[in-house]
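The values are calculated or read from the model by the stated rules, or taken from the named source; none is laboratory data. Note that the structure is predicted; figures quoted are calculated from it, not measured. In this analysis, Cβ positions are derived from the backbone assuming ideal geometry, glycine residues included, and neighbour counts consider all displayed protein chains. We work out accessible area using only protein heavy atoms, side chains counted, and drop any ligands, DNA or RNA first. Shrake-Rupley method; radii C 1.70, N 1.55, O 1.52, S 1.80 Å.
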Amino acid sequence: MTDNFEADISFLNALFTDEVYMIGQKKYASKASTNPVNRVSEEAIPYQKNIDLVFSGTQSQTLLAFNFIGDDAIPDADKLFLDQVLKAAGLSFDNLSRLYLGSHQNGNWTDIAAQSASDFVIAFGIPQNYLPEAISEGEIYNINNKRVLCNASLAELSTNGNKKKMLWQGLKEIYGL
């Protein structure tokens, strides 16, 4: 039968709609199986480990975020100004959560949102990468089940009347004052 197989190919071509080709010695495959296969691939996304943030103070509904390395790094004049602002809003520095980002090199808003249980985040002069995208100074953004108020640094707020008013308007909106 193997000697007459060449003659039998015409019969197979008439029987099947696909063409039959001889591949190697005495092996046959249909035309459909020789077409290239379309492959699906995904772009590789580099893995970035979230940084572990260190929160201080008590766990509270409000998180204060600073671009200092700790409580002791806040200049006395800035601390006095902040205490006055918080007192006017019915808050106390010692009863709030605090996050100091001055010693962190990398990080982003996702790290803060994932690691903080606070509902309100009031940021003072922190780098843009630690804030939600497109947030602007003095405005409140609702994102990740948190209300975020972005402000200038404490030193700038204490000397700029317009920025001080924006901070107060934001605090009034957040806390219903």
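Points worth noting:
- Among the candidates F5, F81, F11, residue that is over 28 Å from the mean Cα position of the chain (by Cα), open to solvent by less than 70 Å² (accessible area, probe 1.4 Å) and modelled with pLDDT under 80: F5
- Annotation note: Cβ proximity below 7 Å between a residue of the stretch 154-165 that is farther than 12 Å from G125 by Cβ and a residue that is loosely packed, with under 15 Cβ neighbours inside 10 Å (sequence gap 6+ or interchain) occurs for no pair.
- Y21 vs. criteria at pLDDT below 75 and part of a strand (DSSP E or B): yes
- Residue in the stretch 159-174 that is among the small types (G, A, S), at pLDDT 85 or above and either touching a Gly at 6+ places or on another chain (Cβ under 9 Å) or open to solvent by 20 Å² or more (accessible area, probe 1.4 Å) (or both) present: yes
- Sole residue being assigned to a loop (DSSP other than H, G, I, E, B), in contact (Cβ under 8 Å) with a residue 24 or more places away in the chain and under 25 Å from the mean Cα position of the chain (by Cα), chosen from S136, S103: S103
- Options E156, E133, E139; residue that is surrounded by fewer than 17 Cβ atoms within 10 Å (Cβ to Cβ) and within 21 Å of Y100 (Cβ to Cβ): E156
- Selection within the stretch 139-158 - farther than 23 Å from N95 by Cβ and either at pLDDT 85 or above or outside any loop (DSSP other than H, G, I, E, B) (or both): Y141, N142, I143, A152, A155, E156
- Residues of the stretch 124-143 classified as under 21 Å from L82 (Cα atoms) and of a type in the set (S, T, Y), total: 2
- If only residues of the stretch 106-130 that are over 28 Å from K165 (Cβ atoms) and part of a loop (DSSP other than H, G, I, E, B) are counted, the one that is least open to solvent (accessible area, probe 1.4 Å) is G107.
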